[in-house]
1. Does region 147-156 hold any residues that are in a loop (DSSP other than H, G, I, E, B) and surrounded by fewer than 18 Cβ atoms within 10 Å (Cβ to Cβ), and which are they?
2. In region 1-17, which residues are in contact with a Pro (Cβ under 7 Å, 6 or more places away or on another chain), surrounded by 17 or more Cβ atoms within 10 Å (Cβ to Cβ) and not hydrophobic (A, V, I, L, M, F, W, C)?
3. Among the residues of region 79-95, is there at least one that is hydroxyl-bearing (Ser, Thr, Tyr), over 25 Å from Arg200 (Cβ atoms) and within 16 Å of the ligand (Cβ to nearest atom)?
4. Please go through region 39-49 and pick out each residue that is buried (at least 21 other Cβ atoms within 10 Å of the Cβ) and not in a helix (DSSP H, G or I).
5. When region 1-51 is examined, which residues are found to be farther than 14 Å from Val173 by Cβ and away from the ligand (no atom under 16 Å from the Cβ)?
6. Which numbered condition in (1) touching a helix residue (DSSP H, G or I) at 6+ places or on another chain (Cβ under 6 Å); (2) among the acidic types (Asp, Glu); (3) at pLDDT 90 or above is the only one that Glu87 fails?
7. Only one of these conditions is not met by His185: (1) over 22 Å from Ser26 (Cβ atoms); (2) out of contact with any Pro (no Cβ under 6 Å at 6 or more places or on another chain); (3) touching a residue at least 12 places away in the same chain (Cβ under 8 Å). Which number is it?
8. Among the candidates Phe63, Phe91, which residue alone is closer than 28 Å to Glu135 by Cβ, surrounded by fewer than 17 Cβ atoms within 10 Å (Cβ to Cβ) and out of contact with any Phe, Trp or Tyr (no Cβ under 8 Å at 6 or more places or on another chain)?
Amino acid sequence: MDDLLQISRLTKQFGGLVAVSDVSFSVREGEILSIIGPNGAGKSTLFKLASSFLRPTAGEVRFRGERISGLAPHVVARRGVVRTFQETTIFKGMTVRENVIIAHQLRANASLLGYYFASSVARRDEAEFGRSADEILAFLGLDGIRNDPAVTLPHGHLRALGIAIGLATNPTVLLLDEPFAGMNHDETMRAVEIVLGVRRRGVTVLLVEHDMPAVMQISDRIVVLNFGEKIAEGTPAEIQQNQKVIEAYLGVEDESIGI
Ligand SMILES: Nc1ncnc2c1ncn2[C@@H]1O[C@H](COP(=O)(O)OP(=O)(O)OP(=O)(O)O)[C@@H](O)[C@H]1O
């Protein structure tokens with residue numbers, strides 16, 4: 001498998017605090033790679049660096065060999081590295097389907113001016129976006145709620161809608177920020193199926209997550225952070241047996257490495 005994203009010697013400092021320290025790893029085409037670590041280990045910061053929502057203090061991120069760190073997030077997203085949209089960026093007043101249609105604008109062919117004057121290109125785009133939105137919603141098992149206003153959705157469906165919106169932008173790499181957070185067991189199992197389905201569509205997945213059983217079930221490989229440093233990288237089986245990882249999680253009462 002080829003390396004799609006190369007994270008090279010990334011460091012992020014906030015004043016005197018080093019949140020991410022000299023971290024390197026690659027995300028390979030077609031894999032699901034998870035970033036884990038105890039609270040405050042630097043996972044969210046690394047995730048924001050990977051999606052270009054934060055600029056690194058040192059080091060760089062490359063996508064298919066080209067540097068993307070320092071580019072605006074929407075430029076990075078257009079190239080195919082897309083972060084799922086937080087619940088706060090879902091248009092709550094619109095239906096599920098309308099939200100997914102709007103997300104297609106990121107790859108729209110018609111200029112904004114074209115939309116304004118309802119050009120034929122814009123009309124063609126709209127019809128195509130509707131078809132694509134319906135296909136994505138059916139794929140994710142959300143067709144039954146496609147006409148529901150987003151404001152009425154329970155937490156699990158809102159998260160799934162975030163993934164549908166991400167897919168609508170036609171990503172090469174989808175970055176998922178704690179996709180199983182706040183879910184009960186059944187919701188987590190459904191969300192696990194959705195993420196596995198995303199990968200079956202050929203999309204590479206990078207995620208940050210606290211839910212260890214789900215991470216162990218879903219990941220091809222795992223990168224472990226502790227105090228901003230990468231302490232391990234490997235398959236779930238390798239990570240569960242890694243002495244440094246076990247020590248990092250020992251004494252952490254509210255987290256378990258699932259062993
Ligand atoms: N914008 C910021 N300004 C200052 N310090 C920050 C900022 N963002 C994160 N930090 C600090 O950087 C460190 C790493 O934080 P980060 O949120 O990346 O960890 P995390 O592993 O995602 O934690 P959690 O599991 O609790 O979400 C923490 O000490 C945090 O307080």
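The values are calculated or read from the model by the stated rules, or taken from the named source; none is laboratory data. Predicted, not measured: the structure shown is a model, and the values here were computed from it. Here the Cβ is made from the backbone with ideal geometry for all residues, glycine too, and neighbour counts use every protein chain on show.
1. Here is the first cut: in region 147-156, the residues in a loop (DSSP other than H, G, I, E, B) are 147-148, 153-154.
Asn147, Asp148, Pro154 - these are the residues of region 147-156 that are in a loop (DSSP other than H, G, I, E, B) and surrounded by fewer than 18 Cβ atoms within 10 Å (Cβ to Cβ).
2. Here is the first cut: in region 1-17, the residues in contact with a Pro (Cβ under 7 Å, 6 or more places away or on another chain) are 10-12.
Of the ones still in play, those that are also surrounded by 17 or more Cβ atoms within 10 Å (Cβ to Cβ) are 10, 12.
Residue satisfying the conditions is Lys12 alone.
3. Here is the first cut: in region 79-95, the ones hydroxyl-bearing (Ser, Thr, Tyr) are 84, 88-89, 95.
Add one more test, that the residue is over 25 Å from Arg200 (Cβ atoms), and what stays is 88-89, 95.
This time we only want the ones that are within 16 Å of the ligand (Cβ to nearest atom), so: none.
Scanning region 79-95 turns up no residue that is hydroxyl-bearing (Ser, Thr, Tyr), over 25 Å from Arg200 (Cβ atoms) and within 16 Å of the ligand (Cβ to nearest atom).
4. Ala41, Gly42
5. Those that are farther than 14 Å from Val173 by Cβ and away from the ligand (no atom under 16 Å from the Cβ): Ser8, Arg9, Ser24.
6. (3)
7. (3)
8. Details: Phe63 fails: surrounded by fewer than 17 Cβ atoms within 10 Å (Cβ to Cβ).
Sole residue among the options that is closer than 28 Å to Glu135 by Cβ, surrounded by fewer than 17 Cβ atoms within 10 Å (Cβ to Cβ) and out of contact with any Phe, Trp or Tyr (no Cβ under 8 Å at 6 or more places or on another chain): Phe91.
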